[in-house]
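Visitor: Here it is: the structure, laid out below.
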Amino acid sequence: MYATERHEAIAAALRDAGRVSVADLAEHFAVTTETVRRDLDTLETAGVLRRVHGGAVPVDRSSLVELTVAEREGQHGSEKTAIARAAMRLVPPTFTGSIALDAGTTSGAVALELARWEPAVAGTTITVITNSVPIAATLQHSDHVELHLLGGRVRGVTSAAVGTATVDQIGALRPDVAFIGTNGLSAGFGLSTPDEYEAAVKAAYVLAARRSVVLADAAKHGVEALMRFARLDEIDTVVTDRTPPADLDGALADADVEVIVA
């Protein structure tokens, strides 16, 4: 295989998986790790990818990159739907407790499932707490949902209430389950997001909930954004669409985190 063909294959693998490792590429192409590193250097110079420890990620994976809700809605839609439906196993028809929903498009997919949720006993309601304006709009007319919208400064990027007031409100609550989105899920760094205000809200949800459930499609595996909001041993469950890579899978097991693969 010529170098240019290998470069095209690496770029395609990066688009599909969201991350590539030097070791895996060397084995796949039957070349040395030094050859792969030179390939990645060439592709980084061309603006195709960004080098990280042990491999590479897409150029839009900077620790500070944060897409708007509108931009994220069109990404990994089927994966997010699958994750949401798998997450609903934690909210069976007999559920009668409280749920906290973090802002984000995967949490939004869970909200859509909650809007269609039917209790085992007619007339039963569940309490849903959220800091997301779009999620509140999704659930506002659901007869089986008692909706609580948290206040605070609304960020245009995420359409989410953030700030000290939001964090204080979450701290005064004890929801049975919190569904929390993340920009990064890493073996070494844990759960992370680019913005400090979003990170503070997510951390508050993790601390407040009886059960913290992180929603993360495979594109988030191995990603490290700027602000860590939780260690792996601080969460209870990860719902994802693909089995995590070996290092992350092992770290989650060591932290006693349940992994649900949609």
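Visitor: Distances over 21 Å make up what percent of all Cα-Cα pairs in region 95-174?
Guide: 26 percent
Visitor: Using the basic label-point model (7 angstrom from Cα toward the beta carbon), what is the R51 to E196 distance in nanometres?
Guide: Between R51 and E196, the simple spin-label model gives 3.0 nm.
Visitor: Using helices alone, what [θ] at 222 nm do you get for the chain, with -39,500 (n - 2.57) per DSSP H run of 4 or more residues, divided over all residues and rounded to the nearest 500?
Guide: Calculated at 222 nm, the ellipticity per residue is -11500 deg cm²/dmol.
Visitor: Obtain the nm distance between the two label points defined at V121 and R153 by a simple spin-label model: each point lies 7 Å from its Cα along the Cα-to-C-beta direction.
Guide: Distance between label points: 4.4 nm.
Visitor: Here's another thing I want to ask about it. What's the center-to-center distance, using Cα atoms, between region 92-111 and region 189-223 in Å?
Guide: Cα centres, region 92-111 to region 189-223: 15 Å.
Visitor: Between H7 and T32, what length in nm is gained on full extension when 0.36 nm per residue of separation is reduced by their alpha carbon distance?
Guide: 7.5 nm
Visitor: Take the Cα coordinates of region 165-262, assign each an equal point scatterer, and use the Debye formula without solvent to give log10 I(q)/I(0) at q = 0.10, 0.21, 0.24 Å⁻¹.
Guide: The Debye formula, applied to the Cα set alone, gives -0.23, -1.00, -1.26.
Visitor: Also: Taking every DSSP beta bridge that has both residues in the chain, what percent is antiparallel when rounded to the nearest 5?
Guide: The antiparallel fraction comes to roughly 40 percent.
Visitor: Can you tell me the relative contact order of region 216-262? Whole percent, Cα pairs under 8 Å, sequence separation 6 or more.
Guide: Relative contact order for region 216-262 comes out at 45 percent.
Visitor: Relative contact order, percent, of region 123-177 when contacts are C-alpha pairs under 8 Å separated by at least 6 residues?
Guide: 31 percent
Visitor: Treating only the Cβ of Lys, Arg, Asp and Glu as charged (+1, +1, -1, -1), what charge dipole size does region 185-238 show about its Cα centre? Round to the nearest 20 debye.
Guide: 160 debye
Visitor: Give, rounded to the nearest 20 debye, the magnitude of the charge dipole that the chain has about its Cα centre when Lys and Arg contribute +1 at Cβ and Asp and Glu contribute -1 at Cβ.
Guide: Its charge dipole is roughly 360 debye.
Visitor: Kindly express, to the nearest 10 degrees and within the range 0 to 90, the angle between helix 196-208's C-alpha long axis and the longest C-alpha principal axis of the chain.
Guide: It works out to around 60 degrees.
Visitor: I need the per residue convex hull volume for region 163-216, using only the alpha carbons, in cubic angstrom as a whole number.
Guide: Normalising the Cα hull of region 163-216 by residue number yields 69 Å³.
Visitor: Gain in length, A137 to D233, computed as 0.36 nm per residue apart minus the alpha-carbon separation, to one decimal in nm?
Guide: Full-extension gain reported as 31.3 nm.
Visitor: Let me ask something else about it. Once you put a point 7 Å from the Cα of A246 and another 7 Å from the Cα of D168, both along the Cβ direction, what distance in nm separates them?
Guide: With each label point 7 Å from Cα toward Cβ, the separation is 5.0 nm.
Visitor: Relative contact order for the chain: what is it in percent, counting Cα pairs under 8 Å that are at least 6 residues apart?
Guide: This gives 16 percent for the chain.
Visitor: Could you check how many percent of all C-alpha pairs in the chain are farther apart than 25 Å?
Guide: Beyond 25 Å sits 45 percent of the P(r) for the chain.
Visitor: Between region 225-262 and region 1-65, what is the separation of their alpha carbon centroids in Å?
Guide: 24 Å
Visitor: Rounded to whole Å and ordered largest first, report the semi-axes of the equivalent ellipsoid of region 103-251 derived from its Cα gyration tensor (root of 5λ).
Guide: In descending order the semi-axes read 25, 18, 14 Å.
Visitor: Heavy atoms of the protein only, probe of 1.4 Å, neighbouring chains included. What is the accessible area of F29 in Å², nearest 10?
Guide: Counting only protein heavy atoms, F29 exposes about 30 Å² to solvent.
Visitor: Net charge near R228: determine it from the other residues with C-beta under 13 Å of the C-beta of R228, scoring Lys and Arg +1 and Asp and Glu -1.
Guide: It works out to a net charge of -4.
The values are calculated or read from the model by the stated rules, or taken from the named source; none is laboratory data. On a predicted model such as this, the values are computed, not experimentally measured, just so you know. All Cβ positions, even for glycine, are placed from backbone atoms using ideal geometry, and neighbour counts span all protein chains on display. Side chains are part of the model used for accessible areas, which takes the heavy atoms of the whole protein and leaves out ligands, DNA and RNA. Shrake-Rupley method; radii C 1.70, N 1.55, O 1.52, S 1.80 Å.
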